[in-house]
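What follows is a single structure, written as structure tokens, with notes after it.
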Amino acid sequence: MTRRVLWMLRDSWVEAERHLRIIPRNIELLIFAAIQPIMFLVLFVYVFGGSIVIPGFDDYDQFLMPGIFAQTLVFGSAFTGIGLADDLQKGLVDRLRSLPMSRSAVIIGRTVSDLVRNLFTFAVMIAVALAIGFRFTGGAWNAVVATVLLVLFSYALSWVQAIIGLSVTSVEAANSAGFIWMFPLTFVSSAFVDPSTMPGWLRTVADANPFTLVTDAARALYNGNPVGNDAWWSLAWSVGLIAVFSALATRKFSRSTSG
């Protein structure tokens with residue numbers, strides 16, 4: 001059992017390195033991946049921020065930034081589905097399946113490399129947020145915990161995106177299918193406004209949204225407010241999604257062909 005785990009970890013790192021080596025050759029991808037969340041941030045802060053009042057927050061920036069951080073990381077998970085769809089379309093999946101390597105390692109390597117790229121975008125967002133005026137008023141330790149919760153949730157959604165990437169027939173379809181459901185996930189939540197301002201039925205949806213739980217936990221930790229059970233629920237959602245969708249994605253990978 002130990003040898004099998006070590007074999008999987010070794011193959012996963014080899015796959016992750018393969019994808020990470022490509023990034024310096026396509027630096028434009030990193031640049032544009034960072035521009036989009038910065039645009040969201042600027043639009044909400046300077047265009048909508050003056051008209052939005054959040055109870056308990058004197059500064060909308062302190063309410064908004066954790067939501068933007070969460071959205072940025074979640075949107076970044078879409079690269080996993082797009083990348084796997086590209087490998088499938090080019091026939092690389094068939095070649096990888098023919099090699100004496102762990103099946104799960106192929107997708108783990110992809111998700112890990114996308115996580116590294118996501119962390120780069122997140123670092124850019126932190127720098128911009130600090131420049132605008134956002135502060136970690138909850139302290140360094142709480143900020144680290146909040147960031148871990150956000151990153152873990154993003155990593156969990158990468159496995160969901162892996163299923164999408166292995167199920168569609170083209171990169172274009174993976175791009176559309178990977179993003180279309182993330183807009184209601186992130187906007188019907190507490191990321192940008194207080195859900196209490198929504199219609200009753202929509203507020204119920206927003207309150208039950210796991211993205212709301214993750215955002216609320218991160219927001220409380222970043223601002224030094226009581227976090228309650230949101231952090232534990234966030235952790236449970238992330239672990240549960242990884243457990244379920246990693247098994248489904250590995251099974252799907254074993255059956256996928258370039259067609």
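The values are calculated or read from the model by the stated rules, or taken from the named source; none is laboratory data. This is a predicted model, so every value here is computed, not measured. Don't worry about glycine lacking a Cβ; one is built from the backbone with ideal geometry, like all the others, and counts go over all protein chains shown.
Details
- Identity of the residue in the range 35-69, among the aromatic types (Phe, Trp, Tyr) and closer than 15 Å to residue 193 by Cβ, that ends up surrounded by the fewest Cβ atoms within 10 Å (Cβ to Cβ): 48
- Extreme residue, surrounded by the most Cβ atoms within 10 Å (Cβ to Cβ), among residues of the range 179-228 that are touching a Lys or Arg at 6+ places or on another chain (Cβ under 9 Å) and farther than 18 Å from residue 143 by Cα: 190
- Condition check for residue 72: buried (at least 22 other Cβ atoms within 10 Å of the Cβ), closer than 20 Å to residue 192 by Cβ and of a type in the set (S, T, N, Q): yes
- If you go through the range 99-143 and pick out every residue that is under 13 Å from the mean Cα position of the chain (by Cα) and of a type in the set (Ser, Thr, Tyr), you end up with 3.
- Odd one out for residue 170 among (1) surrounded by fewer than 20 Cβ atoms within 10 Å (Cβ to Cβ); (2) modelled with pLDDT of 90 or more: (2)
- Test set (1) surrounded by 18 or more Cβ atoms within 10 Å (Cβ to Cβ); (2) under 12 Å from the mean Cα position of the chain (by Cα) - residue 146 fails condition number: (2)
- Residue selected from the range 177-203 under the condition among the aromatic types (Phe, Trp, Tyr) and without any contact (Cβ under 8 Å) to a residue 60 or more places away in the chain, by the criterion farthest from residue 81 (Cα to Cα): 201
- Restricting 146, 191, 177 to residues that are of a type in the set (A, V, I, L, M), touching a Gly at 6+ places or on another chain (Cβ under 8 Å) and at pLDDT 95 or above narrows the list to 146.
- For the range 58-97, a tally of residues being outside any helix (DSSP H, G or I), at pLDDT 80 or above and more than 15 Å from the chain's Cα centre (by Cα) returns 1.
- Some residue of the range 240-254 being under 26 Å from residue 135 (Cβ atoms), outside any loop (DSSP other than H, G, I, E, B) and out of contact with any Ser or Thr (no Cβ under 9 Å at 6 or more places or on another chain): no
- Residues that are within 22 Å of residue 237 (Cα to Cα) and either over 16 Å from the mean Cα position of the chain (by Cα) or β-branched (Val, Ile, Thr) (or both) within the range 149-185 comprise 151, 160, 163, 164, 180, listed in sequence order.
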